[in-house]
Amino acid sequence: MTQSAHKHAESPEMLSLMGYSLAREAGQFNRGIELCVKAINLNPDNPNHYLHLGRIYLLAKKKDHAIKVFRKGLKFHKDQRIMYELKQLGLRRNPPFKSLPRGHVINRMAGKILHALSLR
């Protein structure tokens, strides 16, 4: 491989696309995540990297991670594809107690109570 071709294969865009392709086509979620994170580290203001990483998390059944990544990507650019992904997932509000994990029993119960009282 020539130096120019090797440089192109290591571009953030190629890393991100390769990561998403590996996850989608071969089920290699961890490797796909690794490549997309590398792309983000090299070029953090490109929304495509966040779109690909978020989609990998969805494929890996990690919806909470996907939502966080999509939202982070929107901070850099109001990308229509990311907004569509979030719309498809249904936007989630922050948990009542941000210091606890979303799935913690206290957050789940508080969320249900607030919803029942129409406060959420």
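Structure above, values below:
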quantity	calculated
Pairs, first more than 14 Å from Tyr50 (Cα to Cα) in region 2-19, second modelled with pLDDT under 60 and outside any helix (DSSP H, G or I), C-beta under 8 Å, six or more apart	Ala9/Met1
Qualifying positions in region 1-48 - in a helix (DSSP H, G or I), modelled with pLDDT under 95 and either in contact with a Pro (Cβ under 8 Å, 6 or more places away or on another chain) or surrounded by fewer than 12 Cβ atoms within 10 Å (Cβ to Cβ) (or both)	Gln3, Ser4, Ala5, His6, Lys7, Ala9
Any hit, region 55-63, residues being of a type outside the set (Lys, Arg), assigned to a helix (DSSP H, G or I) and either farther than 30 Å from Met14 by Cα or touching a residue at least 60 places away in the same chain (Cβ under 8 Å) (or both)	no
Single unsatisfied condition, Pro96 versus (1) open to solvent by 70 Å² or more (accessible area, probe 1.4 Å); (2) modelled with pLDDT under 90	(1)
Candidate set: region 64-84, residues that are open to solvent by 30 Å² or more (accessible area, probe 1.4 Å) and either part of a loop (DSSP other than H, G, I, E, B) or of a type in the set (Asp, Glu) (or both); chosen: the one modelled with the lowest pLDDT	His77
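The values are calculated or read from the model by the stated rules, or taken from the named source; none is laboratory data. Predicted, not measured: the structure shown is a model, and the values here were computed from it. Because the Cβ atoms are built from the backbone with ideal geometry, glycine has one as well, and the counts that use them run over all protein chains shown. The protein model used for the area step is the full one, side chains on, heavy atoms only, and it has no ligands, DNA or RNA in it. Shrake-Rupley method; radii C 1.70, N 1.55, O 1.52, S 1.80 Å.
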